[in-house]
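Q: Mind looking over this structure? Questions follow.
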Amino acid sequence: MTPHASHCCRTLQRQISSTRDSLWISDSLLAAAFDRYCLVSRNWNRAVSYVPGPLESRRRLGKRQLGDLTSLQHSSAPPAWAFSAPIDLSQWQWEAPQSPLALQKNRETREDVLALSSALPRWLRALATDVPSEQTPPLTDLVRPEPSWRDRISFRPDLDSFLFSVDNTPVDLLLSNTQNLCFKLQQSIFLGEILPSDIQSISAEIWDALDSRFANHVDGRTAYFALYSAIVTGINTSSVLRPQSFKFTFWNTLLLRVSNLPPDDGVCELFSQIMSATRHVSRAGMDEGILAVLSSVFSHWGSHDAVVDTAEVSRLLDTLASASTILSADLRHAQMISKALSTVGPGKFGRLLHAANRLVLERACVSATRLCELRYNWLSVLAQIPLVKQETLFKTAEILAPGFVGAEPLSGTELCSLMMSQWTSRGYLRSQDSLRRKFEEYSLGCNDMAIAALALAICRSSASREHRKAMYTSLWQLLARLDRSYDMIKSLRALSRTRQVPRYLLQALSAASCDHHVALHLQMLYSRQLRRNGGPDWDPVLVGRHMDKIVSDPSLPSGTVWTALGINRPGGEDEARGNPPTKLRHRGAYGTRRAAIVQRLATVLSDAPHLRNRVAFRQVSQCVRFLEQATGKVPVPTIRALYRVVSRDLVEMRPGRTTRLRWFLNVVERNYGMEVARRCRHELKGWRHKLRRLWVWRGGERGSEQQQ
């Protein structure tokens with residue numbers, strides 16, 4: 001029941017009240033009264049917000065105004081009484097709108113018919129008007145055939161005169177005529193006066209004419225570039241033609257033509273425009289043209305005898321922040337080519353990258369001394385493409401890094417510029433300008449300090465902690481791929497001569513590194529060179545992350561982990577060196593962390609297979625002494641590790657060292673009481689007794705065998 005009906009029902013029940021002497025009201029009478037009451041009590045007034053006026057709701061007012069505007073723009077048909085005769089639409093049929101080319105054709109046909117009819121005598125025209133139009137053949141079919149593309153284009157006279165005068169016109173005048181013809185061709189393509197199927201034939205005819213005159217001629221470059229630019233600009237700016245209207249063979253032929261030009265700013269920009277125009281075109285057959293353009297650019301980059309200057313390379317950092325005119329020509333070309341290759345889809349970029357790397361290696365094999373500039377420019381192209389992931393860039397740098405005779409490795413400034421370009425293209429940096437300015441301030445244009453300067457700039461940037469760690473990891477991965485991780489240590493030492501290197505930078509680099517050798521070098525660099533008197537210690541947690549690798553590395557001394565943790569041998573060496581006692585030094589947060597690390601260290605040392613029994617016992621016993629002095633009690637996992645070390649001889653069926661077993665029992669007694677030590681002594685004694693009986697039995701067997 002609706003709210004209004006329920007309200008009426010309750011009101012009616014209150015009004016109809018029965019008394020003792022009243023008559024019984026039937027259900028039919030009550031229903032009739034209810035229907036009458038609902039009909040009378042209904043409110044027929046509209047709400048104020050639905051009445052046109054000052055109180056009308058904004059939504060309804062907007063709809064009404066929109067309807068008024070629509071009715072003004074699209075006037076309805078006049079009413080029926082406005083026509084003098086009734087309208088018969090039974091024979092009307094809808095026709096599709098005609099294209100501008102068809103309208104022009106009909107207009108020319110009508111003009112020709114009028115011209116022919118005016119030339120006929122009057123009596124003949126009178127006879128012609130009496131014949132029905134559907135029986136009269138079109139006069140234009142008898143006068144001229146179907147127009148070809150030469151009759152459709154508006155610059156046909158200019159094209160014919162240009163083709164006729166190519167061989168006899170002076171070079172200066174021919175270049176001027178070519179510019180004018182290309183301008184008219186661009187305008188015709190923009191207006192859609194030429195069909196896509198005819199543009200390729202027109203351009204091929206102009207190409208052949210220019211080839212016949214400018215073959216192996218320097219001035220022909222201007223004419224060719226004007227023609228290619230006119231075609232591409234006309235297609236890109238036209239609202240009638242679309243790049244999808246052209247087949248991939250047209251674009252591939254155009255790219256092959258462009259590859260014959262010497263690469264400069266105009267050619268690289270034209271290549272970028274072609275790739276942008278064909279973004280939504282199937283590029284199944286365009287790889288040949290793209291690789292031809294890249295091969296031409298690689299040949300130009302590999303033709304320089306001088307190695308890229310460091311100051312010039314550092315300008316690449318201004319690529320996204322400053323005008324491109326301050327960059328060198330090669331770096332500007334790299335920026336344009338990266339913009340062009342950014343339009344390649346992810347499915348086809350891998351195959352294209354593999355083919356381009358092969359071209360670079362072929363150029364490098366021809367002249368290894370020219371590999372440096374070619375290699376860096378190609379890597380800078382990849383670093384600026386958002387589609388290229390970090391792994392792809394590092395793999396390409398690793399392929400191009402080794403081994404060509406006479407090729408210098410990438411400098412520190414080049415590596416930093418590549419990383420900053422990669423981070424910017426992938427969107428990892430919020431303010432690339434701030435990071436670039438800090439890098440230039442810290443590096444001072446020196447290759448030796450470049451890598452450390454970039455790390456310091458990241459450390460003092462406004463990026464979040466997670467982003468800074470990701471950038472440190474990315475930098476370490478590139479150095480590890482190129483087998484140049486130690487360059488970071490050298491760069492930090494060079495930077496420490498000009499400014500103070502903070503401890504938190506070294507610890508952040510150590511946390512991001514996956515190499516335990518690098519972590520040890522960073523710890524030693526801080527402890528031996530950069531730490532001031534009374535300065536804070538190195539965080540032992542950073543050493544604990546690489547503890548397993550340090551212990552299992554046979555090339556490192558067994559006591560390396562203690563030096564990295566900042567723990568000297570207990571027993572008076574700290575006091576002899578002027579340091580506070582071990583028990584006093586290892587208090588606080590770092591003391592608790594060291595104790596937890598030493599507890600795990602004892603387990604790792606006891607399970608190390610390459611350590612001899614003597615070395616393992618010495619290292620684990622040092623863990624026990626440290627824990628007793630630092631915490632006052634040796635935990636159970638450390639007791640178990642010590643037990644595994646002292647019982648190695650027993651496991652190997654040998655009697656064992658009594659001195660080590662007694663020392664183990666003394667440690668157990670000091671930490672867990674005499675009862676536990678007594679039970680351990682009993683178990684060890686029984687074990688040795690069983691081994692003695694086994695030796696006696698084996699000795700008897702050997703004696704009997706000898707007697708036999």
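The values are calculated or read from the model by the stated rules, or taken from the named source; none is laboratory data. Given the structure is predicted, the values throughout are model-derived calculations rather than measurements. Ideal geometry is used to build each Cβ from the backbone, glycine not excepted, and the neighbour counts take in all protein chains shown.
Q: Scan the stretch 408-421 and report the pairs whose first residue is not assigned by TED's automatic domain parsing to the domain that holds ARG437 and at pLDDT below 90 and whose second residue is among the small types (Gly, Ala, Ser) and outside any helix (DSSP H, G or I), with Cβ atoms within less than 8 Å and a gap of 6+ or a chain change.
A: Cβ pairs passing all conditions: PRO409/ALA401; LEU410/ALA401.
Q: In the stretch 265-284, is there at least one residue being free of Cβ contacts under 8 Å to residues at least 12 places away in the same chain, surrounded by fewer than 18 Cβ atoms within 10 Å (Cβ to Cβ), basic (Lys, Arg) and assigned to a loop (DSSP other than H, G, I, E, B)?
A: No, every residue in the stretch 265-284 fails to be free of Cβ contacts under 8 Å to residues at least 12 places away in the same chain, surrounded by fewer than 18 Cβ atoms within 10 Å (Cβ to Cβ), basic (Lys, Arg) and assigned to a loop (DSSP other than H, G, I, E, B).
Q: While we're looking at this one, here's another question. With the structure loaded, tell me whether ALA463 is within 29 Å of the chain's Cα centre (by Cα) and part of a loop (DSSP other than H, G, I, E, B) or whether it fails that test.
A: So ALA463 passes the test.
Q: Is it the case, given these coordinates, that ALA463 is over 23 Å from VAL381 (Cβ atoms) and at pLDDT 90 or above?
A: Answer is no for this residue.
Q: Right, next: Inside the stretch 375-390, can you point out the residues that are out of contact with any Ser or Thr (no Cβ under 9 Å at 6 or more places or on another chain) and closer than 23 Å to SER303 by Cβ?
A: Our first condition is that a residue be out of contact with any Ser or Thr (no Cβ under 9 Å at 6 or more places or on another chain); within the stretch 375-390, this holds for 375, 377, 389.
Of everything in the stretch 375-390, those that are out of contact with any Ser or Thr (no Cβ under 9 Å at 6 or more places or on another chain) and closer than 23 Å to SER303 by Cβ turn out to be ARG375, ASN377.
Q: Does the stretch 609-616 contain any residue that is modelled with pLDDT under 90 and under 44 Å from the mean Cα position of the chain (by Cα)?
A: No: zero hits.
Q: I've got another one for you. Taking interchain pairs and intrachain pairs at least six residues apart, which have beta carbon atoms under 8 angstrom, with the first residue in the stretch 442-465 and farther than 12 Å from ALA508 by Cβ and the second modelled with pLDDT under 90 and among the β-branched types (Val, Ile, Thr)?
A: GLY445/THR310; ASN447/THR310
Q: Sticking with this structure for a sec: Which residues, taken from the stretch 415-442, are under 12 Å from the mean Cα position of the chain (by Cα) and of a type in the set (D, E, K, R)?
A: The answer is ARG426, and nothing else.
Q: Are there any pairs with C-beta distances below 9 angstrom linking a residue in the stretch 227-256 that is closer than 19 Å to GLY285 by Cα to a residue that is among the β-branched types (Val, Ile, Thr) and surrounded by fewer than 20 Cβ atoms within 10 Å (Cβ to Cβ), with the two at least 6 apart or on different chains, and if so which?
A: Every condition considered, the pairs that remain are PRO243/VAL281; GLN244/VAL281; PHE246/VAL281; LYS247/VAL281; PHE248/VAL281; TRP251/VAL281.
Q: Which residues, counting only those in the stretch 321-354, are assigned to a helix (DSSP H, G or I), among the small types (Gly, Ala, Ser), within 16 Å of the chain's Cα centre (by Cα) and at pLDDT 85 or above?
A: SER338, ALA340, GLY350
Q: Can I ask one more? Could you pull out the residue among ALA209, ALA204 that is among the small types (Gly, Ala, Ser) and in contact with a helix residue (DSSP H, G or I) (Cβ under 6 Å, 6 or more places away or on another chain)?
A: Result of the check over ALA209, ALA204: ALA209.
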